[in-house]
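*Asks:* Here it is: the structure, laid out below.
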Amino acid sequence: MNKTVEVRWHGRGGQGAKSASAVLAEVLFEEGKYVQAFPEYGAERQGAPIRAYNRVSDAPIRRRCGVQNPNIVVVVDPTMVESANPTEGSAEDALYIVNSGENAKKLRSRLGVTSKARVLVVNATKITLEELGQNRPNAPILGALSNVFTEVPVEAFVNHFTNKMKTLPAKTLEANRRAILRGRDEAVFA
Amino acid sequence: MSNKIKVMTSGNLAFAEAMRQIDPDVVAAYPITPSTEIPMKFADFVANGRVTSEYIAVESEHSAISACVGASAAGARVMTASSANGVALMHEIFPIAASFRAPIVFGLVNRSLGAPVNIHCDHSDSMPERDSGWIQIYCEDAQEVYDSVLLAVRLAEDPRVLTPVFVCQDGFITSHCYEAVELLSDETVKNFVGERTPQYPLLDTDAPVSYGSFTMSEYYFEIKRNQMEGMNNVLSVYAELAAELERETGRNYRPVENYRADDADYLIVVMSSAAGVVKDVVDELREEGVKAGALRVRFFRPFPREELASLAKGKRGVAVLDRSASIGGTAPLSSEVKSALYALDMRVPVQEYIFGLGGRDLYAKDARAVFEKMIAGDYSEEVRFIGLLEKDD
Amino acid sequence: MSALNIKDLTKKENPLTQGHRMCPGCGAPTAIRQALMGVGCPVVVVGATGCMEVSTTVYPYSAWRVPFMHIAFENAGAGISGVETAYRVLRRKGKIGKEIKFIAFGGDGGTYDIGLQSLSGALERWHDFTYICYNNQGYMNTGAQRSSATPLAANATTSPAGSASFGKLQRAKDLTEIVAAHNIPYVAQTSLHNPFDLIAKVKSAVETPGPAFVNVLVPCPLFWKIDASEQADICKLAVDSKFWPVYEVADGKYSLSYEPKRPRTIEEFLRAQGRYSHLFKKGSERLDLVEEAQRDADESWAKLLEKCGR
Amino acid sequence: MSKPQSWQEVPPGTVAFGASALKVQTGLWRSSRPVVDAAKCVSCLKCWIQCPDDSIALGSGGKVEGINLFFCKGCGLCAKVCPAGAISMHPESGFAHEEQKGGEHPGEVGAHVK
């Protein structure tokens, strides 16, 4: 990774996109990368669309402005594919990670991206409903991301994510672990 | 055992962590975005016995700074934090704190002043306090925030200085950005900051003094002049302290950061977090053969005018980027830079810019455009605005 | 409460020295001096901006024999919160060995009006201090303007009596009751004509752990338009006419400190002061307002008696 | 502390030293002077406790011996509250022939003053 990789997250307030971006930063920091994680703050409350960002680099990161041209776009909530305008400013060859149960081809056309873009689809909502009984898409999304940051073992994602919730019962932590691993395994390129 | 550890944290949390290690006697604070995390985190340290401090959860920012002044005059080591309207509400008390020579260390997380209400960064809250008699240090990132808090405690309490300090960081951009910061061990920090030895503690009932006297024209001037001496000593005392801390951290921040300025033809002068992207652009332009450079002003009070003038001397152009306005006058940083450059034998063209009000970002393309205009010799007597929605004439 | 012996008091060093620049006959230095007489251990004093603060600390001199701090007008409550907290920390850390008591004072302007928030905050946070309001019922430091402690119909410079006005159009705020509503351990009203009452109350206030408040009626000869020698007399009249009842609320329990055996009328109290002279001016009398003031006083008195369980 | 003569001599922090106002001769304000008839004094000390300027001079037995004219501003309160008529007020002009003294008790500034 010679240049800085910029990530933009689209989620809803309270859904955990901010935490997930922080976990991604922590995992990559542990792997020796230079990282930033910063959410966009507004007056919006629970449920409103929010954005969060990461920068990842092998060299110190100096710029601190918002990410305008992300290399990776994460869409945490399936309803935001159109409404949140996830392609705004992103590079033509950007990578999209989308939480969706939709057919991959259809999703690609809904996003309106060219063949240069890569689209990784994971039904994170379904996975967490099955594993946790709740729609908390963060864990499978992080699992899917481990397919992108291949230099990091998936266990690092598991450890950091469950560490954030270490006061929860062991059963819940184990369910999250399964959700991350399923996210990694079930994510498919469209 | 290593005495350093690198952790993921944010500007606010780095400030709070430094507070925990400093373990001040008293913290009095009131929540306001985006500095709220600082008192929140500190209250948590108190609630879990991780500090020996007392936390006063006051009913307003005005009372926060008033309680800080009281505790500091009493002889305690005191810290607090605030932003924006909170800072404005405290305004009355800042000059009093400085006149009391109360060495309070203050985490000022920069945010715009309403109206309209906006929670994002600009420097319109701290700039009005530039004449309040406080030292102002502006930090670029969370690491610098952490290091600066440690320095600020020593600087404020130094008997040659005895002046309160604002440690400023950009709201959200720095305060809420999660990044790696190298922390010193608790013991190293304790040894570095030592203990406060107040000269005239109010709590010394055997040698009673009165603070906050009334004085007409007979002595007011002399008291103010005496106070100025503390500020006059800041930069030399700071150099000693910065060298001392450098032995622990390997980092040393100059009052003005010189980024490839020595042989540069064109300079951008800027403060705080926006300096990063400017430095990136300097590197890009250098690769293209343009002699670009940047100066990041870290101390705004006292203003390091000699250092700045010597770094800007002989340049073909200087652009000053202010993150606040002085409506009807010259923006604060431009005003200081122009004033400092007046001492030079040969004039340096200076272009004033205002950017980033209310949290609007400064992007690489913006910094590049600023350099390009200088290279083209395109200067205006008027202030220019970066990233503003404007109709073309 | 042990009986006070005035001769014993003469042996104590006066915490407020001579050489202050208050007006001749002003009640404030008397009130503060009496208040501090009853306090056994060392005290640290914080004062709000006002006549007392200004006149006792004319640089480079200070009339305070005890540590004294003034920050600003509206923040004596917050200032002493900081001082008292610093004391608790430094004592806990072994940096201060002795016991110290904390007293804040402000005039009615700094207490009833601009400083009310800061006072309320300090009371709610339960700092261990005593707040003394020296209440001369207006802004004297700036020239006799009305405050929310100024009584109905008083002629003040920002509520002047004129051809279309009878002076202050509103009643005074009952700050003592507002403070009592904070449910702090000790609240009292007193007056400086009875030093035994004043000294005893401040002593109780200071010795009670936690926040305490004492509201002292202190005449300003200039504003009240009385002779400089009359401060004690006018205070007695205020108490005897039930204009200014003296009572205390200790741990929520009300008790009347003094009941006049031969009550005087409000009219007598008003007539004794020039600030009400417009009410009695031949041809434009406003005896209706005098009656209204009497009714107010009677009602307040009845309520107070009820609270005292009588 | 003697009066500072330059900004360099001003102590930091707006600090004034405790009890230094004892050097201030507020007695110069007086236009009316209290005179004590010690023989009439009943030692009730009402004048002492009500004096705003703490200018009632007491003897060792707690009896009023006189007035501290260095500080007394002449408000007349002492005469007013005296139940025995032991204090009377007289125009200061009547004492014009007396040499203007530095004061009987020009208070000493406490030894604690640094």
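The values are calculated or read from the model by the stated rules, or taken from the named source; none is laboratory data. All values reported here derive from a predicted model rather than from experimental measurement. So basically every Cβ, Gly included, is an ideal-geometry build from the backbone, and we count neighbours across all protein chains shown.
*Asks:* What tally of residues in the range B:174-202 results from selecting those that are more than 25 Å from B:ASP141 (Cβ to Cβ) and surrounded by 24 or more Cβ atoms within 10 Å (Cβ to Cβ)?
*Replies:* 1
*Asks:* So how many residues does the range A:156-189 have that are surrounded by 20 or more Cβ atoms within 10 Å (Cβ to Cβ) and among the aromatic types (Phe, Trp, Tyr)?
*Replies:* 2
*Asks:* I've got another one for you. Taking into account only those residues within the range B:92-129 that are closer than 14 Å to B:ASP322 by Cα and in contact with a Phe, Trp or Tyr (Cβ under 7 Å, 6 or more places away or on another chain), which is surrounded by the fewest Cβ atoms within 10 Å (Cβ to Cβ)?
*Replies:* Checking each candidate, the answer is B:SER126.
*Asks:* Any residue in the range B:162-180 that is over 19 Å from B:VAL69 (Cα atoms) and modelled with pLDDT of 95 or more sitting within a Cβ distance under 8 Å of a residue that is basic (Lys, Arg) and surrounded by fewer than 24 Cβ atoms within 10 Å (Cβ to Cβ)? List the pairs, counting only those 6 or more apart or interchain.
*Replies:* Listed pairs, sorted by first residue: B:ALA180/B:LYS6.
*Asks:* How about the range B:181-293: which strands (runs of 3 or more DSSP E) wholly inside it have at least 2 residues that are in contact (Cβ under 8 Å) with a residue 60 or more places away in the chain?
*Replies:* Working: elements: B:209-211, B:256-259, B:266-270.
The qualifying strands (runs of 3 or more DSSP E) are B:266-270.
*Asks:* Take B:VAL167 and decide whether it is among the hydrophobic types (A, V, I, L, M, F, W, C), crowded, with 21+ Cβ neighbours inside 10 Å and within 14 Å of chain D (Cβ to nearest Cβ).
*Replies:* So B:VAL167 fails the test.
*Asks:* Between C:SER120, C:SER147, C:SER81, which is in contact with a helix residue (DSSP H, G or I) (Cβ under 7 Å, 6 or more places away or on another chain), part of a helix (DSSP H, G or I) and at pLDDT 95 or above?
*Replies:* Numbers: C:SER120 fails: in contact with a helix residue (DSSP H, G or I) (Cβ under 7 Å, 6 or more places away or on another chain); C:SER147 fails: part of a helix (DSSP H, G or I).
Step by step, each of C:SER120, C:SER147, C:SER81 is checked, and only C:SER81 is in contact with a helix residue (DSSP H, G or I) (Cβ under 7 Å, 6 or more places away or on another chain), part of a helix (DSSP H, G or I) and at pLDDT 95 or above.
*Asks:* Now for a different question. Within 13 Å of chain B (Cβ to nearest Cβ) and in contact with a strand residue (DSSP E or B) (Cβ under 8 Å, 6 or more places away or on another chain): is that true of C:ILE100 in this structure?
*Replies:* For C:ILE100, the condition - within 13 Å of chain B (Cβ to nearest Cβ) and in contact with a strand residue (DSSP E or B) (Cβ under 8 Å, 6 or more places away or on another chain) - is met.
*Asks:* How many of the residues in the range D:15-27 are within 13 Å of the chain's Cα centre (by Cα) and either closer than 22 Å to C:GLN231 by Cβ or within 14 Å of chain B (Cβ to nearest Cβ) (or both)?
*Replies:* Qualifying residue count, the range D:15-27: 5.
*Asks:* Run down A:PRO70, A:PRO78, A:PRO60 and say which single residue is under 20 Å from A:ARG118 (Cβ atoms) and surrounded by fewer than 24 Cβ atoms within 10 Å (Cβ to Cβ).
*Replies:* Numbers: A:PRO70 fails: surrounded by fewer than 24 Cβ atoms within 10 Å (Cβ to Cβ); A:PRO60 fails: under 20 Å from A:ARG118 (Cβ atoms).
Just a single option satisfies the conditions, and that option is A:PRO78.
*Asks:* Condition first: more than 7 Å from every other protein chain (Cβ to nearest Cβ), surrounded by fewer than 24 Cβ atoms within 10 Å (Cβ to Cβ) and within 24 Å of C:ASN194 (Cα to Cα). Can you find one or more residues in the range C:73-80 that meet it?
*Replies:* Within the range C:73-80 (the criterion being more than 7 Å from every other protein chain (Cβ to nearest Cβ), surrounded by fewer than 24 Cβ atoms within 10 Å (Cβ to Cβ) and within 24 Å of C:ASN194 (Cα to Cα)), the answer is no, since none of the residues qualifies.
*Asks:* Test each condition in (1) under 28 Å from C:LYS7 (Cβ atoms); (2) modelled with pLDDT of 95 or more for C:GLU267 and report the one that comes out false.
*Replies:* (1)
*Asks:* Of all residues in the range B:162-180, which are closer than 20 Å to B:ALA76 by Cα and assigned to a strand (DSSP E or B)? Break it down stepwise before answering.
*Replies:* Residues of the range B:162-180 that are closer than 20 Å to B:ALA76 by Cα, as a first pass: B:162-167.
B:VAL165, B:PHE166, B:VAL167, listed by residue number.
*Asks:* Only residues that are among the polar types (S, T, N, Q) and either modelled with pLDDT of 90 or more or touching a Pro at 6+ places or on another chain (Cβ under 7 Å) (or both): list them for the range A:142-166, please.
*Replies:* Hits for the range A:142-166 are A:SER146, A:ASN147, A:THR150, A:ASN159.
*Asks:* With respect to the numbered conditions (1) in contact (Cβ under 8 Å) with a residue 60 or more places away in the chain; (2) facing another protein chain (nearest Cβ under 7 Å); (3) assigned to a strand (DSSP E or B), which one is the sole condition not fulfilled by C:VAL54?
*Replies:* All conditions are met except number (3).
*Asks:* Does A:GLY47 meet the test of being closer than 20 Å to B:ILE119 by Cβ and either without any contact (Cβ under 8 Å) to a residue 24 or more places away in the chain or facing chain B (nearest Cβ under 10 Å) (or both)?
*Replies:* Spelling it out, it is not the case that A:GLY47 is closer than 20 Å to B:ILE119 by Cβ and either without any contact (Cβ under 8 Å) to a residue 24 or more places away in the chain or facing chain B (nearest Cβ under 10 Å) (or both).
*Asks:* Filter the range C:1-34 for residues that are under 21 Å from C:LYS98 (Cβ atoms), touching a helix residue (DSSP H, G or I) at 6+ places or on another chain (Cβ under 9 Å) and more than 8 Å from every other protein chain (Cβ to nearest Cβ) and give the result.
*Replies:* C:LYS12, C:PRO15
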